[in-house]
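> Below is a structure I'd like to ask you about.
The values are calculated or read from the model by the stated rules, or taken from the named source; none is laboratory data. Just so we're clear, the structure is a prediction, and the values are computed from it rather than from any experiment. Neighbour counts are summed over all protein chains in view; Cβ atoms, including those assigned to glycine, are modelled from backbone coordinates with ideal geometry. Heads up: the accessible areas ignore ligands, DNA and RNA and are worked out on the full protein's heavy atoms, side chains in. Shrake-Rupley method; radii C 1.70, N 1.55, O 1.52, S 1.80 Å.
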Amino acid sequence: MSGLALWCFRQRKWVAAAWLLALIAVVGAGKAAGSDFGSSFSLPNTDSQAAVSLLTQNFPSASGEGDQIVIQAGHGLTVGSAPVRTAVTAALARVAAVPGVEAVASPYTRADAAQISKDGTVAFAVVTWDKPSSQVTNADADRLITAAETADGASVRVSLSGPSITNSERPSPGFTVAVGVIAALAVLLVIFGGAVLAALLPLLGAVVALILGTSLIGLLSQAMSISSVSTELAVLIGLGVGVDYGLFIISRYRSAVKAGRPYAEAAALAVATSGRTVLLAGLTVCIALLGQFLLGVSFLYGVSVSAAIAVALTMATALTLLPAMLGFLGPRVLSRRERARIALASGVAGRHASPAFAGGFWLRWARFVSARKVLVAVGSLAAVIAIALPIFGLRLGTSDASTDPAGSTTHQAYVALAQGFGPGFNGPLELVARSGSARDASAFRHLLGAVAGTPGVASVTPAVTSPNGKVLLATVYPTTSPQAQQTVNLVNFLRNQLIPRSGVTVHVGGVTATNIDFARVLTDKLPIFIAIVVLLAFLLLMAVFRSLLIPLVASVMNLLSVAAALGAMNAVFSWGWGDSLLHLSGTGPVDAFLPVLIFSVLFGLSMDYEVYLIGRVQEEWKSGSGNRLAIVTGQAKSGPVIAAAAGIMVLVFGSFMFGGARELAEFGFGLAFSVLVDALLIRSLLVPALMHILGPVNWALPRWLDRVLPRLAIEAEEPAGAATVGAGVSGRVVRPGAWPEGRPGGPGHTVPNGVIRWGTAAGDSGKGDIDA
């Protein structure tokens with residue numbers, strides 16, 4: 001990889017031109033072709049999907065997307081009052097004329113009189129589209145909203161609900177992205193000592209990758225089903241990992257420049273070391289994301305491909321564009337103060353400047369962990385487990401409109417329907433039966449009678465026969481909300497108890513039943529998915545670090561990070577802990593698809609930090625340090641970068657908690673919180689403490705396994721004979737074989753790569769500063 005970095009550095013004009021041409025070509029193609037976002041949602045071998053298929057084949061007019069227009073009469077009026085009826089009737093006529101609307105079931109017809117509440121103050125109209133939900137665009141939904149709201153006035157309040165309305169109200173992530181970028185820039189400026197150009201480079205790489213990525217995702221939406229939320233999640237993921245990848249490489253480059261390396265050599269070293277970490281972590285994220293295809297849920301295909309594209313492009317810009325840009329910057333990658341300090345040091349010490357030291361706080365922190373390894377390991381493990389405990393009460397599902405922002409039309413419609421009819425009218429169930437004879441029709445009517453008398457059922461509509469006479473359809477309104485556990489229990493009771501005794505083939509469908517099946521499918525398949533990803537990561541780490549215990553510990557630690565994220569998400573979004581602080585409108589289950597995505601992304605991010613930490617430790621171990629000194633040195637060197645990377649991740653992901661969309665808030669919170677736990681407790685305390693406890697057995701690998709495993713190097717060896725400043729030597733360069741006079745602690749020893757170690761014969765005193 002050093003060869004790639006050198007080529008990009010030297011041919012920087014061609015590399016920059018290639019990325020610029022790619023931007024122009026892809027963005028231009030995206031603008032010309034447009035996008036066709038739409039979610040293809042199917043759940044093979046589920047009861048709700050069987051209901052959809054039956055309606056699509058035999059009752060097309062009842063299989064389209066259904067939305068609701070909720071009418072709430074003004075004070076002192078009823079839905080039947082003349083001013084209310086006149087305004088609503090005219091608005092419903094406009095709704096019926098909206099392109100794509102198949103039918104409008106008005107509450108003013110005799111057949112639909114049940115759509116008016118008992119007190120007459122609330123009613124609803126059902127809008128059926130002539131297309132499936134995946135094809136109802138935001139423009140279609142906006143036209144529906146505009147037509148319906150023509151009735152809004154002093155005498156009547158109109159609000160709307162339904163999947164297409166919810167999608168159209170999804171806020172743009174532009175503001176939260178801007179907040180995340182500004183926050184990341186602030187952290188980068190602090191980390192890079194005020195070097196503005198160096199701080200802008202990680203953002204440049206991420207922005208170029210995301211512009212390309214979003215355009216490619218738009219083009220890809222023409223060929224496969226991709227929901228619009230896929231782009232938002234891809235931007236969130238790409239921004240976070242892209243800035244982190246750039247930070248790793250540029251931090252290593254700046255350290256090499258400060259140590260007196262020529263600029264081209266520094267770029268090669270940065271990509272050959274930190275760049276390999278980026279490559280491994282990025283590939284792990286992509287594999288985990290694309291592994292979602294194993295779940296067999298079509299909704300996740302577009303999400304996983306979009307996120308994988310964003311991660312792959314951020315990885316590509318970090319490994320090629322950044323080295324080229326470093327070639328343009330030259331010494332300006334350092335701040336003026338840093339350049340002046342190096343110039344002064346060079347005048348005193350000779351050709352080379354002194355490096356930055358990983359002393360101070362991080363060295364003291366690493367020594368603290370080493371000195372109290374058992375206490376640190378037990379305490380940090382107990383803290384992580386305590387954070388993860390709410391995972392045992394985790395309930396996956398789909399949050400309903402009660403959790404939407406209070407000012408949204410979907411939330412207002414939910415509240416009005418719940419007041420007029422009960423919360424269950426926000427998520428009706430559909431009973432779809434095959435009807436081949438009069439006997440089937442009679443059995444279905446008897447079933448509806450039994451359903452109507454079932455606890456938890458508010459009402460049941462009469463059966464409707466399809467035009468071809470092969471399907472019967474009825475609507476069941478529960479007494480509880482769509483996201484309530486009681487509604488899940490009702491669906492299970494209907495499927496497992498009442499329907500099998502009816503003597504007729506009946507499927508329970510509708511949006512609520514589909515969401516319940518979606519959560520069940522993901523819950524059943526998630527353990528297998530996790531096991532496959534963990535196994536692949538374990539094998540990869542074993543090949544990289546030539547160890548059994550290091551990949552085992554890493555896999556367990558990554559699972560702990562995921563458990564902490566899901567536990568905290570359940571406590572906040574399901575139990576309501578801190579909901580006022582996050583301005584949540586209500587509580588509900590954790591959205592079913594988010595744990596899959598969070599696991600995919602977080603596993604890669606945890607791998608990123610793990611590889612960076614263990615890679616630096618392994619460098620020290622291979623250069624001759626004892627186990628304790630190698631861990632202390634590696635942790636002291638990697639600690640500042642991991643902390644900075646985690647801080648950026650927390651700020652970028654955390655900014656999405658305040659964008660207004662619940663799914664993004666859950667996703668942002670889960671990732672931000674888990675990264676905080678991972679960096680603060682796991683990588684800074686638990687992992688190094690466990691490595692100290694395990695001792696040299698950390699690096700043990702059976703000989704037969706060592707021969708079988710492929711050899712994958714993450715941290716490249718230093719170029720032979722390169723001048724490197726030894727531990728604790730400030731302000732001058734130590735060449736191989738040389739030792740500064742008057743150095744306390746004795747002459748130490750020289751190792752093959754030219755780094756001078758000093759201290760006891762075991763190389764384990766741990767005293768002195770440590771080069772970066």
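> Any residue in the stretch 59-69 that is modelled with pLDDT of 85 or more and within 30 Å of R520 (Cβ to Cβ)?
Yes, some residue in the stretch 59-69 is modelled with pLDDT of 85 or more and within 30 Å of R520 (Cβ to Cβ).
> Now a separate question. If I ask for residues that are surrounded by fewer than 22 Cβ atoms within 10 Å (Cβ to Cβ), small (G, A, S) and under 24 Å from the mean Cα position of the chain (by Cα), which ones from the stretch 391-410 would you list?
Scanning the stretch 391-410 gives G393, S402.
> Filter the helices (runs of 4 or more DSSP H) completely within the stretch 357-438 down to those with at least 2 residues that are in contact with a strand residue (DSSP E or B) (Cβ under 7 Å, 6 or more places away or on another chain) and closer than 28 Å to N489 by Cβ.
Hits in the stretch 357-438: 409-420.
> Hey, another quick one. Being in contact with a strand residue (DSSP E or B) (Cβ under 7 Å, 6 or more places away or on another chain), in a helix (DSSP H, G or I) and among the small types (G, A, S) narrows it down to one of S159, S164, so name that one.
S164
> With surrounded by fewer than 21 Cβ atoms within 10 Å (Cβ to Cβ), touching a Gly at 6+ places or on another chain (Cβ under 9 Å) and at pLDDT 90 or above as the only criterion, which of A418, A388, A413, A452 stands out?
Answer to the selection: A418.
> Take the conditions open to solvent by 10 Å² or more (accessible area, probe 1.4 Å), modelled with pLDDT under 90 and either in a helix (DSSP H, G or I) or under 30 Å from V708 (Cβ atoms) (or both) and apply them to L597. Does it pass?
No.
> For A113, only one of the following conditions fails: (1) open to solvent by less than 40 Å² (accessible area, probe 1.4 Å); (2) modelled with pLDDT under 90; (3) not acidic (D, E). What is its number?
Failing condition for A113: (1).
> I'm checking my understanding of the structure. Among residues of the stretch 476-503 that are of a type in the set (V, I, T) and surrounded by 21 or more Cβ atoms within 10 Å (Cβ to Cβ), which one is farthest from the chain's Cα centre (by Cα)?
Looking at residues that are of a type in the set (V, I, T) and surrounded by 21 or more Cβ atoms within 10 Å (Cβ to Cβ), I get I499.
> Can you tell me which residue among A679, A689, A722, A716 is assigned to a helix (DSSP H, G or I), surrounded by 14 or more Cβ atoms within 10 Å (Cβ to Cβ) and at pLDDT below 90? Give the steps one after another, and end with the answer.
Working: A689 fails: at pLDDT below 90; A722 fails: assigned to a helix (DSSP H, G or I); A716 fails: assigned to a helix (DSSP H, G or I).
That would be A679, the only listed residue that is assigned to a helix (DSSP H, G or I), surrounded by 14 or more Cβ atoms within 10 Å (Cβ to Cβ) and at pLDDT below 90.
> Of the residues A125, A178, A139, A111, only one is closer than 23 Å to T461 by Cβ and part of a helix (DSSP H, G or I); which? It would help to see each step written out before you state the result.
Numbers: A125 fails: part of a helix (DSSP H, G or I); A178 fails: closer than 23 Å to T461 by Cβ; A139 fails: closer than 23 Å to T461 by Cβ.
Exactly one residue qualifies, and that residue is A111.
> Now for a separate question. Among (1) crowded, with 19+ Cβ neighbours inside 10 Å; (2) closer than 30 Å to A103 by Cβ, there is one condition T146 misses while meeting the rest; what is its number?
The number of the failed condition is (1).
> Could you tell me which numbered condition A25 fails, if it satisfies all but one of (1) more than 33 Å from the chain's Cα centre (by Cα); (2) more than 25 Å from Y301 (Cβ to Cβ); (3) open to solvent by 40 Å² or more (accessible area, probe 1.4 Å)?
Condition not satisfied by A25: (1).
> Residue by residue through the stretch 141-159, note down the ones that are among the acidic types (D, E) and more than 34 Å from the chain's Cα centre (by Cα).
Within the stretch 141-159, E149, D152 qualify.
> Let me ask another. Do we find a residue being under 21 Å from I249 (Cα atoms), out of contact with any Gly (no Cβ under 9 Å at 6 or more places or on another chain) and part of a helix (DSSP H, G or I) anywhere in the stretch 650-664?
Checking the stretch 650-664: at least one residue is under 21 Å from I249 (Cα atoms), out of contact with any Gly (no Cβ under 9 Å at 6 or more places or on another chain) and part of a helix (DSSP H, G or I).
> May I ask you to list the residues in the stretch 572-589 that are of a type in the set (A, V, I, L, M, F, W, C), crowded, with 18+ Cβ neighbours inside 10 Å and either over 23 Å from I237 (Cα atoms) or modelled with pLDDT under 90 (or both)?
L584
> I'd like the full set of residues that are of a type in the set (A, V, I, L, M, F, W, C) and assigned to a helix (DSSP H, G or I), limited to the stretch 692-703.
I693, L694, V697, W699
> In this structure, is V511 among the β-branched types (V, I, T) and open to solvent by 40 Å² or more (accessible area, probe 1.4 Å)?
In short, yes.
> Just the residues that are open to solvent by 20 Å² or more (accessible area, probe 1.4 Å) and either under 18 Å from Q419 (Cα atoms) or among the aliphatic types (A, V, I, L, M) (or both), please, taken from the stretch 116-135.
Those that are open to solvent by 20 Å² or more (accessible area, probe 1.4 Å) and either under 18 Å from Q419 (Cα atoms) or among the aliphatic types (A, V, I, L, M) (or both): I116, K118, D119, T121, V126.
> Of the conditions (1) touching a residue at least 40 places away in the same chain (Cβ under 8 Å); (2) under 23 Å from Y414 (Cβ atoms), P99 fails just one. Which one is it?
For P99, the exception is condition (2).
> Conditions: (1) under 13 Å from the mean Cα position of the chain (by Cα); (2) within 20 Å of P323 (Cα to Cα); (3) of a type in the set (S, T, N, Q). S251 meets all but one. Number of the miss?
(1)
> Within the stretch 202-220, is there a residue that is small (G, A, S) and either closer than 30 Å to G66 by Cβ or surrounded by fewer than 19 Cβ atoms within 10 Å (Cβ to Cβ) (or both)?
Yes.
> Could you give every pair whose Cβ atoms fall below 7 Å, whose first residue belongs to the stretch 162-191 and is closer than 13 Å to G654 by Cβ and modelled with pLDDT under 80, and whose second residue is surrounded by fewer than 17 Cβ atoms within 10 Å (Cβ to Cβ) and not charged (D, E, K, R), counting only separations of at least 6 or pairs across chains?
T176/F658
> Shifting gears a bit: Among the residues of the stretch 357-378, are any open to solvent by 60 Å² or more (accessible area, probe 1.4 Å), more than 30 Å from N558 (Cα to Cα) and modelled with pLDDT of 75 or more? Before the answer, list the steps.
Of the stretch 357-378, the ones open to solvent by 60 Å² or more (accessible area, probe 1.4 Å) are 357, 361, 364-365, 367-368, 371-375, 378.
Among the residues that remain, those that are also more than 30 Å from N558 (Cα to Cα) are: none.
There is no residue in the stretch 357-378 that is open to solvent by 60 Å² or more (accessible area, probe 1.4 Å), more than 30 Å from N558 (Cα to Cα) and modelled with pLDDT of 75 or more.
> Suppose we filter the stretch 545-571 for residues that are out of contact with any Asp or Glu (no Cβ under 8 Å at 6 or more places or on another chain), farther than 22 Å from V675 by Cα and open to solvent by 10 Å² or more (accessible area, probe 1.4 Å); how many remain?
Within the stretch 545-571, residues that are out of contact with any Asp or Glu (no Cβ under 8 Å at 6 or more places or on another chain), farther than 22 Å from V675 by Cα and open to solvent by 10 Å² or more (accessible area, probe 1.4 Å) number 2.
> Oh, and also: Kindly indicate which of S408, S442, S466, S399 is modelled with pLDDT under 95 and closer than 23 Å to F673 by Cα. Reasoning before the result, please.
On the way: S408 fails: closer than 23 Å to F673 by Cα; S442 fails: closer than 23 Å to F673 by Cα; S466 fails: closer than 23 Å to F673 by Cα.
Just a single option satisfies the conditions, and that option is S399.
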